[in-house]
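The values are calculated or read from the model by the stated rules, or taken from the named source; none is laboratory data. All values reported here derive from a predicted model rather than from experimental measurement. All Cβ positions, glycine included, derive from the backbone under ideal geometry; neighbour counts span all protein chains shown. Each accessible area value is taken on the protein alone, full model and side chains, heavy atoms only, with ligands, DNA and RNA left out. Shrake-Rupley method; radii C 1.70, N 1.55, O 1.52, S 1.80 Å.
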Amino acid sequence: MRVVKKINNNVVVCLDQHGEELVAFGKGLGFQKVPYELTDMTKVTMTFYKLNYQYYQLLKEIPTEIFDLSAAIVERAQALIPRILNPNMIFSLADHINFAITRLTHYKSAQLPFSYDVEQLYPQETDVGYYAVRLINRRLNIQLPVSEVTAIAMHFVNSQTNDLATNSSVNSDDEMIKIITKIIEQEYELRINQTEFTYNRFVMHLRYYIKRMKKHEQISENDNSKLFNTMRYDEPEIYLVAKRIADYVDSQLDTNSNDDELFYLMIYVKRIVNKINTPRFRIKLATIVVERKK
């Protein structure tokens, strides 16, 4: 294999025996003056073919030890997650880790919340997230917040998009979530920003809610009964929307959602509503309540 270009001391561009360009990782590969023939292939730890310009830029901007960490995390993920991962995962994860370290250094107060919904819905990916945070903290002697567990887990969830798309169960769940989103939008005559973290948390809750109902398992916390009744009385419009969502899910799955499930749906719907709580929207809510009381 012929080394033709140095990216840094540990990353080089090579030509294989067929003249195909690839990027090779390995300690000290860039020390020697290029071009040269690489004969000791045991020095190569990773190779990547057909990288686009974006990834070449990342190789120049991100320290090699971050790529080494990313590779170790992806290797762990391949052992834990029984699905095909995107082969470019190492690059996107390295980019995320590098940014997380920058955020920790310069914006210590800017932390993503940890998501118990993600932990419950994606336990294998969450295990990888915990492993990644422990590994990064130990090797770099830093202290990433626990919220990074969720962020890294979601990287692995998203890396499986093409594989998951073939799963009819996931497709049907996605269709239900689209209809539930439309229920809220139609009920309040609004457009939900689906890039908002609040909405994404709601979607995670819906996925786990649907999963529970399919398995005939429901949240059952008697301590919520007083809170549920209070919120039902104080927020009748939120209750009605949550009930309509629960009725729709029950009609699709032949189930019967209990008050605890309704209570959590109300909490998530209220969070979305509060995000768009303009004066015009408050008038619309008041109109809904008056009309339904007639």
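Averaging sequence separations of C-alpha pairs under 8 Å and six or more residues apart, then dividing by the length of the range 22-96, give the relative contact order as a whole percent.
Numbers: 45 pairs, mean separation 22.6, N = 75.
For the range 22-96, the relative contact order is 30 percent.
So what does Tyr208 come to for accessible area, using a 1.4 Å probe and Å² rounded to 10?
Ignoring ligands and nucleic acids, Tyr208 comes out at about 50 Å².
List the residues whose amide H sits under 5 Å from the amide H of Arg2, counting only those 5 or more places along or on another chain, with H placed 1.01 Å from N in the peptide plane.
Leu15, Leu38
In the range 200-243, which trypsin sites (Lys or Arg not before Pro) are in a loop and have at most 13 other Cβ atoms within 10 Å, using DSSP for the loop call?
Lys215
Would you please state the base-10 log of I(q)/I(0) at q = 0.15, 0.23, 0.28, 0.29 1/Å for the range 185-246, with intensities from the Debye formula using one equal scatterer on every alpha carbon?
For the requested q values the scattering log ratios are -0.64, -1.23, -1.20, -1.18.
So, taking all protein chains as they sit and a 1.4 Å probe, how much accessible area belongs to Ser92, in Å² rounded to tens?
My reading of the accessible area for Ser92 is about 40 Å².
Accessible area per residue of the range 1-118 at 1.4 Å probe, in Å²? It would help to have the intermediate numbers written out before the result.
Details: 6870 Å² over 118 residues.
Accessible area per residue, the range 1-118: 58 Å².
Please give the length that would be gained between Asp234 and Gln124 if that part of the chain were fully extended, namely 0.36 nm times their separation in residues minus their C-alpha to C-alpha distance (nm, one decimal).
On the way: separation 110, 0.36 × 110 = 39.60 nm, distance 3.93 nm.
Residue separation times 0.36 nm, minus the Cα-Cα distance, leaves 35.7 nm.
Suppose R0 equals 25 Å; then what is the FRET efficiency for Leu85 and Asp247 from their Cβ-Cβ distance, rounded to the nearest 0.05? Let's see the in-between values first.
Working: r = 38 Å, r/R0 = 1.52.
The value I calculate is 0.05.
Counting other Cβ atoms within 10 Å, keep those with at most 15, restrict to DSSP loop, and tell me which trypsin sites (Lys or Arg not before Pro) in the range 1-41 are left. Don't skip to the end; give the middle numbers.
On the way: sites: Arg2, Lys5, Lys6, Lys27, Lys33; in loops: Lys27, Lys33.
Answer in residue order: Lys27, Lys33.
Report the Cα-based extents of the range 1-48 along its three principal axes, largest first, to the nearest Å.
Largest to smallest, the principal-axis extents are 24, 20, 17 Å.
Output ³J(HN,Hα) for the range 198-206: one whole-Hz value per residue in order, computed from phi by the Karplus curve 6.51 cos²θ - 1.76 cosθ + 1.60 with θ = phi - 60°, and x for Gly and Pro.
So the Karplus estimates, Gly and Pro as x, are 4, 5, 5, 5, 4, 4, 4, 4, 4 Hz.
Let me check I've understood the local charge: for Leu135, count other residues with C-beta under 12 angstrom from its C-beta, Lys and Arg +1, Asp and Glu -1. What total comes out?
Working: positive: Arg76, Arg134, Arg138, Arg139; negative: Glu65, Asp68, Glu75, Glu148.
Summing Lys/Arg as +1 and Asp/Glu as -1 gives 0.
Give a residue-ordered list of calculated ³J(HN,Hα) values for the range 70-84 (Karplus: 6.51 cos²θ - 1.76 cosθ + 1.60, θ = phi - 60°; whole Hz; x for Gly, Pro).
Once θ is set to phi - 60°, the couplings for the range 70-84 become 4, 4, 5, 5, 5, 4, 5, 4, 4, 7, 9, 9, x, 9, 6 Hz.
How large a share of the accessible area of the range 6-94, in percent, is made up of carbon and sulfur atoms when the probe is 1.4 Å and the other protein chains stay in place?
Numbers: 2490 of 5020 Å².
That fraction is 50 percent.
For the range 1-122, rounded, prolate or oblate, judged on the Cα gyration tensor with a ≥ b ≥ c (square roots of eigenvalues), a/c < 1.5 rounded, else prolate if a/b > b/c? Walk me through the numbers before you get to the answer.
Values: a/c = 2.71, a/b = 1.75, b/c = 1.55.
Taking the square roots of the gyration eigenvalues as a ≥ b ≥ c, the range 1-122 is prolate.
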